[in-house]
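Chemist: Here it is, the structure in full.
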Amino acid sequence: MLLEKSNDIKVQAMKKGIHPENYRLVAFKDMSNNDVFLTKSTADTNETIDVDGVEYPLVKMEISRTSHPYYTGKSKLVDTAGRIDKFKSKYAKFKK
């Protein structure tokens, strides 16, 4: 559906019924440094957290903008499941 035409620019209306209706404020928690931030999301979660006296749905993350080396400028390695040790032992036989 064409809404407006000005200076050869066509503006169309967004399609109805394809965008989620359940946007709400959700708390995302970085488990590596316990940073919590709020943003709108449709993410499903069963947990909640109290932030400044208000209860929000909680989504736990292993890494976020506050702990990722690209954003922090620090080379921090988070090994949550022993993956590094497993990798080193697996490929140790190739060392000379």
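Chemist: How much length, in nm to one decimal, is gained on full extension between LYS10 and ASP85, taken as 0.36 nm per residue of separation minus their Cα-Cα distance?
Modeler: Numbers: separation 75, 0.36 × 75 = 27.00 nm, distance 5.66 nm.
Length difference between fully extended and current span is 21.3 nm.
Chemist: Further question on the same structure: Could you check the simple spin-label distance between ALA92 and GLU21, using points 7 Å along Cα→Cβ, in nm with one decimal?
Modeler: Simple spin-label model gives 5.9 nm for this pair.
Chemist: Could you run the Karplus curve 6.51 cos²θ - 1.76 cosθ + 1.60 with θ = phi - 60° over the range 54-60 and give me ³J(HN,Hα) per residue in whole Hz, x for Gly and Pro?
Modeler: Each residue of the range 54-60 in turn: 10, 8, 10, x, 10, 10, 8 Hz.
Chemist: Of the listed pairs LYS40/LYS90; LYS40/LYS74; LYS16/LYS40; LYS10/LYS40; LYS74/LYS95; LYS10/LYS60, which have alpha-carbon separations greater than 31 Å here?
Modeler: Working: LYS40/LYS90 42 Å; LYS40/LYS74 28 Å; LYS16/LYS40 20 Å; LYS10/LYS40 29 Å; LYS74/LYS95 28 Å; LYS10/LYS60 42 Å.
Pairs exceeding 31 Å: LYS40/LYS90; LYS10/LYS60.
No value in this document is a laboratory result; all are computed from the given coordinates. Keep in mind that what you see is a predicted model, and the values were worked out from it rather than measured. A quick note on method: Cβ atoms are made from the backbone with ideal geometry, for glycine too, and the neighbour counts reach across all protein chains shown.
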